[in-house]
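Working notes for the structure below.
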Amino acid sequence: MTDSAPFRIAINGYGRIGQCVLRALYESDFRDHLQVVAINELSDIDTIAHLTRYDSTHGRFFGSLAVEGQSLIINGDPVRVLRQADPADLPWEELGIDLVLECSGAYSDTATARRHLQAGAKRLLFSQPAEPDVDRTVVYGINDTSLTESDRIVSAGSCTTNCLVPVISALDKAFGVEQGSTTTIHAAMNDQPVIDAYHHQDLRLTRSALHNVVPVDTGLARGVERLLPHMKGRFSSVALRIPTMNVSAIDMVFNVRQSTDIAAVNRVLQQAASGPLKGILGYTNELLASSDFNHDAHSGVVDGGQTRVTQGTMVKVLCWFDNEWGFASRMLDVSRSWLQRVK
Ligand SMILES: NC(=O)c1ccc[n+]([C@@H]2O[C@H](COP(=O)([O-])OP(=O)(O)OC[C@H]3O[C@@H](n4cnc5c(N)ncnc54)[C@H](OP(=O)(O)O)[C@@H]3O)[C@@H](O)[C@H]2O)c1
């Protein structure tokens, strides 16, 4: 336990990421530093309790959970449950909220995010890239130490930037990355219907998630540029959604300046995974499939057996990631890293 009281956290939007953040907090030592004191979600408290207890992807909640009035009691901790669409109506001042984890995906602009601060929260962390005018965008392990006390609205990037940027950084240092192109192979998400439905303005997101591999828009190349400005204009990306519930991969292709081979690329990534990026980047030579990475807290795990090098300078790397659990764990890492800098 830490000597000081844990920071007071609110989760806004208790869907896949919000629920994983709460579970990851109780499955780790984060609870010593951070306490979720409120959840704001548009559903009712009994459904919220049910979806905390039972999860098709991550299994049953291992702790104790009860409903008392408008609160959940989780492992003895009271968590107030609110149901407000407008952040300005949230009692963040009364609850002394140090940080809102903005996990609703309902908006990405800083003007709406600022309404949480106007309601009394001291800071807000987006679970998505959000608009470029956020105070800072961080990928944990790469630039989280740049967070300062004066930052108020921050983005933790996306699950894909958290997977990709550590790999680019390691390869850039070793071989010099000239250009890159990526294909994200992503599990289904709640912006897709189970079968065809008028679900979204994007025609591809009207199509059955159960039955299709669906190309979707991705801002991953822009995300790389925001984190690594010297890569501006040198990356492109596409993404496919696949009919699985969780775990994704990025197929990465880089042109590098210094000629290399498969063994050297894997050595660099393995050293990063066991050294400066330990716990963030993983590395495996095992013959695994996607479900083996379910509930894996790394931002990405390099599949060494899939590394390829063409004519010395075209490098291909496959990196797996649990898009829910890995990213939720990074939300907690960034929260702790940021708040511990705040006096
Ligand atoms: N899932 C992933 O793998 C993943 C990974 C990294 C980042 N993200 C990002 O995280 C965000 C959330 O994604 P998700 O997959 O967790 O989505 P999700 O499962 O749809 O969860 C979002 C939740 O927020 C609720 N909500 C909507 N508007 C709200 C409001 N105004 N106030 C409070 N709650 C509200 C939604 O309720 P209703 O369903 O009733 O609308 C839903 O329960 C998105 O920006 C996404 O891009 C997702």
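The values are calculated or read from the model by the stated rules, or taken from the named source; none is laboratory data. Keep in mind it's a predicted model, so treat the numbers as computed, not measured. Cβ atoms come from the backbone with ideal geometry, glycine included; neighbour counts cover every protein chain shown. Just the protein is used for accessible areas: all its heavy atoms, side chains included, with ligands, DNA and RNA removed. Shrake-Rupley method; radii C 1.70, N 1.55, O 1.52, S 1.80 Å.
Among the residues of region 263-278, those identified as exposed (fewer than 14 other Cβ atoms within 10 Å of the Cβ) and assigned to a helix (DSSP H, G or I) are ALA263, SER274. Could you tell me whether region 278-295 includes any residue that is without any contact (Cβ under 8 Å) to a residue 24 or more places away in the chain and of a type in the set (Lys, Arg)? Yes, that holds for at least one residue.
Yes/no per residue for (1) of a type in the set (Asp, Glu); (2) at pLDDT below 95:
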| residue | (1), (2) |
| --- | --- |
| SER259 | no, no |
| GLY304 | no, no |
| GLU324 | yes, no |
| GLN340 | no, yes |
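For the criterion of being of a type in the set (Phe, Trp, Tyr) and closer than 28 Å to LEU99 by Cβ, TYR140 passes. Taking the criterion of being open to solvent by 20 Å² or more (accessible area, probe 1.4 Å), away from the ligand (no atom under 13 Å from the Cβ), within 23 Å of VAL302 (Cβ to Cβ) and polar (S, T, N, Q), the residues of region 181-235 that qualify are SER181, THR183. Every listed requirement among (1) assigned to a loop (DSSP other than H, G, I, E, B); (2) more than 20 Å from the chain's Cα centre (by Cα) is met by ARG114 save one, (1).
Evaluated against (1) buried (at least 17 other Cβ atoms within 10 Å of the Cβ); (2) assigned to a strand (DSSP E or B), THR260 falls short on exactly one condition, (2).
Cβ-Cβ distances below 9 Å connect the following pairs, each with a first residue in region 126-144 that is within 12 Å of the ligand (Cβ to nearest atom), a second residue that is in a strand (DSSP E or B) and among the acidic types (Asp, Glu), and a separation of six or more residues or different chains: PHE126/GLU102; SER127/GLU102; GLN128/GLU102; ALA130/GLU102. In region 1-37, the qualifying residues are those that are modelled with pLDDT under 95 and in contact with an Asp or Glu (Cβ under 6 Å, 6 or more places away or on another chain), and the one that is most open to solvent (accessible area, probe 1.4 Å) is MET1. Residues in region 36-46 that are more than 10 Å from the ligand (Cβ to nearest atom) and either in a helix (DSSP H, G or I) or more than 16 Å from PRO91 (Cβ to Cβ) (or both): ASP44, ILE45, ASP46.
Could you count how many residues in region 47-82 are within 15 Å of the ligand (Cβ to nearest atom), surrounded by 14 or more Cβ atoms within 10 Å (Cβ to Cβ) and part of a loop (DSSP other than H, G, I, E, B)? Here the count works out to 3. Scanning region 145-154 for any residue that is buried (at least 19 other Cβ atoms within 10 Å of the Cβ) and not aliphatic (A, V, I, L, M) turns up nothing.
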